[in-house]
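A.B. asks: Sending over a structure as structure tokens; questions will come in a sec.
The values are calculated or read from the model by the stated rules, or taken from the named source; none is laboratory data. Given the structure is predicted, the values throughout are model-derived calculations rather than measurements. Virtual Cβ from ideal backbone geometry, glycine too; neighbours counted across all protein chains shown.
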Amino acid sequence: MEGYGARLGYRVETTPDGGVEIDPETLAELAIDCLDELHRQVHAAGLRVSAVAACAFWHSFLGVGKNGRPVLPILHLLDTRSAAEVARVPNAHARTGCVPHSSYWPARLLWLETNRPEKFAATSRWLSFPEFLFEKLFGRAHASTSMVSGSGLWDQNANDYEPETLAALPIDRAQLAAPEDLDQPARELVPEYRAMWPAFEGVPWFPALGDGACDNLGSGCIAADRLALMVGTTGAMRVVIDAPRVTIPDKLWCYRVDRKRFVMGGALSNGGEVFAWMKRTLALPRDLEARLESSSPGGHGLTVLPFFSGERSPYWRSDLRAAIAGMSLATEPFDILRASLESVALRFREIHGILSKNLPRPAEVIASGGALLNSPGWTQMMADALGRPVIACIEPEATSRGAALWALEQIGTIENPSERPASMGAVFDPKPGHEAIYGRLLSEQSALYAKLFGTPL
């Protein structure tokens with residue numbers, strides 16, 4: 001709702017060995033401060049709250065002891081320390097929709113058992129951050145099918161934990177959210193917050209959905225005829241499928257929006273953060289955006305592998321690292337930036353190719369995410385690389401909007417999120433001849449990958 005909102009920043013803690021952690025208590029305090037400010041705004045305006053919805057970052061998790069307090073920090077999806085444990089994870093991708101990888105729970109649980117044995121033993125429950133926050137607010141953790149489906153432990157078609165994966169892990173099913181309790185809203189805040197937030201008391205608070213699922217809903221990509229292209233810190237290309245069952249293609253992931261909808265696609269560990277790193281590191285020209293829009297692809301002579309944080313789709317290798325080939329004394333900082341942004345567009349081109357072979361070709365590609373939409377030049381690169389028009393979704397908070405639409409569906413205000421179309425902006429048509437250039441650039445990128453890291457499986 002325009003004019004209402006609160007935002008507080010936070011930082012992740014990184015370690016030289018690939019660790020990416022967040023303190024759960026600090027993050028919970030920030031979330032509560034935001035809720036407090038939202039309540040102040042709602043109360044001042046005399047608005048009535050019908051429901052509370054939320055979205056949260058997928059895949060990350062933490063451990064708590066018997067007293068509910070954190071034993072371990074939140075491990076972020078970009079934490080790659082468990083790369084060596086991936087080989088010990090059963091490949092149940094056809095059922096879980098999760099290729100064995102360090103971004104999912106199974107490898108991390110095995111890593112924690114070996115590298116943090118005392119804290120691992122002291123953990124009584126494993127849960128996502130929104131579950132931890134719900135326990136603070138309501139005295140009991142609440143989880144959604146959506147969040148659990150991105151853990152690497154969930155059988156997407158069976159809507160239950162995948163037995164082969166669980167059997168290979170040193171945990172008990174009782175340490176996880178119970179399937180029969182998923183998606184249940186909470187209503188009664190603990191006394192402390194009931195006194196602070198009377199306008200929030202007694203209404204259904206729905207467990208948080210995965211941020212990627214909400215981005216699709218909020219940007220209008222609710223059916224299989226619309227493909228969502230999102231670039232924030234990371235990146236993803238996703239499609240929502242409303243069907244009783246799905247067949248999960250190789251190299252792609254598949255999670256759940258809810259009990260009746262799947263969300264499928266590819267995810268990049270390296271999206272907007274590549275652009276941010278370049279801006280922090282290189283002496284770039286002031287007319288950067290104008291030069292991005294006027295320059296042609298491939299004119300720099302560089303080949304870039306943008307793997308600053310390993311990679312997920314389609315290679316699923318945490319050990320990959322970035323590389324730049326072809327530099328000379330004539331190479332300028334802008335050339336490196338342009339080549340790096342093109343390299344991310346090429347990653348999406350490859351994912352789009354896999355999706356197109358396994359699903360009906362969507363009628364439209366809808367772009368969202370601040371990192372992409374703040375750069376028309378980069379959005380144009382995406383259209384050129386895909387060889388398809390890309391439509392900019394101009395909803396300022398597509399993920400939050402998606403969570404709100406889903407909650408409206410649950411309480412019966414709307415029958416389907418598609419009833420509230422997303423606001424769209426500019427259409428970026430591919431420039432003549434550029435798709436063929438990107439095809440050549442992808443071949444060069446693939447050849448460099450093979451030289452450095454071997455032929456992809």
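A.B. asks: Show the residue pairs meeting these rules: Cβ distance below 6 Å; 6+ apart or different chains; first residue within the stretch 173-193 and over 28 Å from PRO106 (Cβ atoms) and of a type outside the set (Lys, Arg); second residue part of a helix (DSSP H, G or I) and at pLDDT 95 or above.
C.D. replies: ALA186/PHE138; LEU189/LEU137; TYR193/LEU137
A.B. asks: Touching a residue at least 24 places away in the same chain (Cβ under 8 Å), within 19 Å of THR123 (Cβ to Cβ) and among the hydrophobic types (A, V, I, L, M, F, W, C), is that true of VAL71?
C.D. replies: Numbers: touching a residue at least 24 places away in the same chain (Cβ under 8 Å): yes; within 19 Å of THR123 (Cβ to Cβ): yes; among the hydrophobic types (A, V, I, L, M, F, W, C): yes.
So VAL71 fits the description; yes.
A.B. asks: Are any residues in the stretch 276-297 surrounded by fewer than 15 Cβ atoms within 10 Å (Cβ to Cβ) and in contact with a strand residue (DSSP E or B) (Cβ under 8 Å, 6 or more places away or on another chain), and if so, which ones?
C.D. replies: The answer is none; no residue qualifies.
A.B. asks: Read through the list (1) touching a residue at least 60 places away in the same chain (Cβ under 8 Å); (2) among the acidic types (Asp, Glu); (3) surrounded by fewer than 18 Cβ atoms within 10 Å (Cβ to Cβ); (4) in contact with a strand residue (DSSP E or B) (Cβ under 7 Å, 6 or more places away or on another chain), then give the number of the only condition that ASP79 fails.
C.D. replies: Condition (3) is where ASP79 drops out.
A.B. asks: Also: Scanning for something modelled with pLDDT of 95 or more, in the same structural domain as LEU373 (by TED's automatic domain parsing), in a helix (DSSP H, G or I) and farther than 21 Å from ALA236 by Cβ, does the stretch 301-315 turn up at least one residue?
C.D. replies: There is no residue in the stretch 301-315 that is modelled with pLDDT of 95 or more, in the same structural domain as LEU373 (by TED's automatic domain parsing), in a helix (DSSP H, G or I) and farther than 21 Å from ALA236 by Cβ.
A.B. asks: Follow-up question, since we're still on this one. Could you list, in sequence order, all residues of the stretch 204-246 that are basic (Lys, Arg) and either crowded, with 24+ Cβ neighbours inside 10 Å or in contact with a strand residue (DSSP E or B) (Cβ under 7 Å, 6 or more places away or on another chain) (or both)? Steps first, please.
C.D. replies: Initial filter on the stretch 204-246 (basic (Lys, Arg)): 226, 238, 245.
Answer for the stretch 204-246, where residues must be basic (Lys, Arg) and either crowded, with 24+ Cβ neighbours inside 10 Å or in contact with a strand residue (DSSP E or B) (Cβ under 7 Å, 6 or more places away or on another chain) (or both): ARG226, ARG238.
A.B. asks: Give the residue, chosen from VAL427, VAL344, that is in a strand (DSSP E or B) and out of contact with any His (no Cβ under 6 Å at 6 or more places or on another chain).
C.D. replies: From the options VAL427, VAL344, the qualifying one is VAL427.
A.B. asks: When you check GLU350 against the structure, is it among the charged types (D, E, K, R) and farther than 26 Å from ALA224 by Cβ, yes or no?
C.D. replies: no
A.B. asks: Another question, then. Taking ARG338 as the residue in question, decide whether it is of a type in the set (D, E, K, R) and either closer than 30 Å to ASN91 by Cβ or surrounded by fewer than 22 Cβ atoms within 10 Å (Cβ to Cβ) (or both).
C.D. replies: no
A.B. asks: Looking at the stretch 91-124, which of its residues are within 28 Å of VAL246 (Cα to Cα) and of a type in the set (D, E, K, R)?
C.D. replies: ARG95, ARG108
Residue-by-condition table, conditions (1) crowded, with 19+ Cβ neighbours inside 10 Å; (2) within 18 Å of TRP277 (Cα to Cα); (3) free of Cβ contacts under 8 Å to residues at least 40 places away in the same chain; (4) not assigned by TED's automatic domain parsing to the domain that holds GLY402:
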| position | (1), (2), (3), (4) |
| --- | --- |
| LEU329 | no, no, yes, no |
| ARG349 | yes, no, no, no |
| LEU355 | yes, no, no, no |
| ASN358 | no, no, no, no |
| GLY369 | yes, yes, no, no |
| ASN374 | no, yes, yes, no |
| ALA383 | yes, no, no, no |
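A.B. asks: Does GLY377 satisfy the condition of being closer than 14 Å to TYR438 by Cβ, out of contact with any His (no Cβ under 6 Å at 6 or more places or on another chain) and in a helix (DSSP H, G or I)?
C.D. replies: Answer is no for this residue.
A.B. asks: Specify which of the listed residues (ARG140, ARG125) is crowded, with 18+ Cβ neighbours inside 10 Å and in contact with a strand residue (DSSP E or B) (Cβ under 8 Å, 6 or more places away or on another chain).
C.D. replies: The match here is ARG125.
A.B. asks: Now for a separate question. For GLU273, all conditions in the list (1) part of a loop (DSSP other than H, G, I, E, B); (2) closer than 24 Å to GLN380 by Cβ hold save one; what is the number of the exception?
C.D. replies: Evaluating GLU273 over (1) part of a loop (DSSP other than H, G, I, E, B); (2) closer than 24 Å to GLN380 by Cβ leaves (1) as the failure.
A.B. asks: Search the stretch 419-430 for residues that are farther than 26 Å from GLU293 by Cα and pair each with any residue that is assigned to a strand (DSSP E or B) and among the hydroxyl-bearing types (Ser, Thr, Tyr) when their beta-carbon atoms are under 8 Å apart and the residues are at least 6 apart or on different chains.
C.D. replies: Nothing qualifies.
A.B. asks: Within the stretch 83-106, which residues are free of Cβ contacts under 8 Å to residues at least 40 places away in the same chain and of a type in the set (Gly, Ala, Ser)?
C.D. replies: Of everything in the stretch 83-106, those that are free of Cβ contacts under 8 Å to residues at least 40 places away in the same chain and of a type in the set (Gly, Ala, Ser) turn out to be ALA84, ALA87.
A.B. asks: Also: May I ask you to list the residues in the stretch 268-300 that are closer than 30 Å to CYS98 by Cα and either of a type in the set (S, T, N, Q) or not assigned by TED's automatic domain parsing to the domain that holds ALA322 (or both)? Lay out the reasoning, then the answer.
C.D. replies: Going through the stretch 268-300, the residues closer than 30 Å to CYS98 by Cα turn out to be 268-277.
Selection gives SER269, ASN270.
A.B. asks: Looking at this structure, is ARG7 among the basic types (Lys, Arg), more than 26 Å from THR234 (Cα to Cα) and surrounded by fewer than 16 Cβ atoms within 10 Å (Cβ to Cβ)?
C.D. replies: For ARG7, the condition - among the basic types (Lys, Arg), more than 26 Å from THR234 (Cα to Cα) and surrounded by fewer than 16 Cβ atoms within 10 Å (Cβ to Cβ) - is not met.
A.B. asks: Let me ask something additional. Return a yes/no flag: does the stretch 383-403 have any residue that is in contact with a strand residue (DSSP E or B) (Cβ under 8 Å, 6 or more places away or on another chain), of a type in the set (Lys, Arg) and more than 24 Å from ASP287 (Cβ to Cβ). Even if it seems obvious, please write down each step before you answer.
C.D. replies: Step one: filter the stretch 383-403 for residues in contact with a strand residue (DSSP E or B) (Cβ under 8 Å, 6 or more places away or on another chain), giving 383, 386, 388-395, 398-400, 402-403.
Now restrict to residues that are of a type in the set (Lys, Arg): 388.
Still in the running and more than 24 Å from ASP287 (Cβ to Cβ): 388.
Within the stretch 383-403, one or more residues are in contact with a strand residue (DSSP E or B) (Cβ under 8 Å, 6 or more places away or on another chain), of a type in the set (Lys, Arg) and more than 24 Å from ASP287 (Cβ to Cβ).
A.B. asks: Against the conditions (1) aliphatic (A, V, I, L, M); (2) at pLDDT 95 or above; (3) over 19 Å from the mean Cα position of the chain (by Cα), where does MET382 fall short? Just the number, please.
C.D. replies: Against the list (1) aliphatic (A, V, I, L, M); (2) at pLDDT 95 or above; (3) over 19 Å from the mean Cα position of the chain (by Cα), MET382 comes up short only on (3).
A.B. asks: Give ASP258, ASP250 a once-over and let me know the one that is assigned to a loop (DSSP other than H, G, I, E, B), within 29 Å of ALA339 (Cα to Cα), out of contact with any Lys or Arg (no Cβ under 8 Å at 6 or more places or on another chain) and touching a residue at least 40 places away in the same chain (Cβ under 8 Å).
C.D. replies: ASP250
A.B. asks: Among the residues of the stretch 277-321, which ones are within 18 Å of GLN380 (Cα to Cα) and either among the small types (Gly, Ala, Ser) or touching a Pro at 6+ places or on another chain (Cβ under 9 Å) (or both)?
C.D. replies: Just the residues of the stretch 277-321 that are within 18 Å of GLN380 (Cα to Cα), to begin with: 287-300.
Selection gives GLU289, ALA290, ARG291, LEU292, GLU293, SER294, SER295, SER296, GLY298, GLY299.
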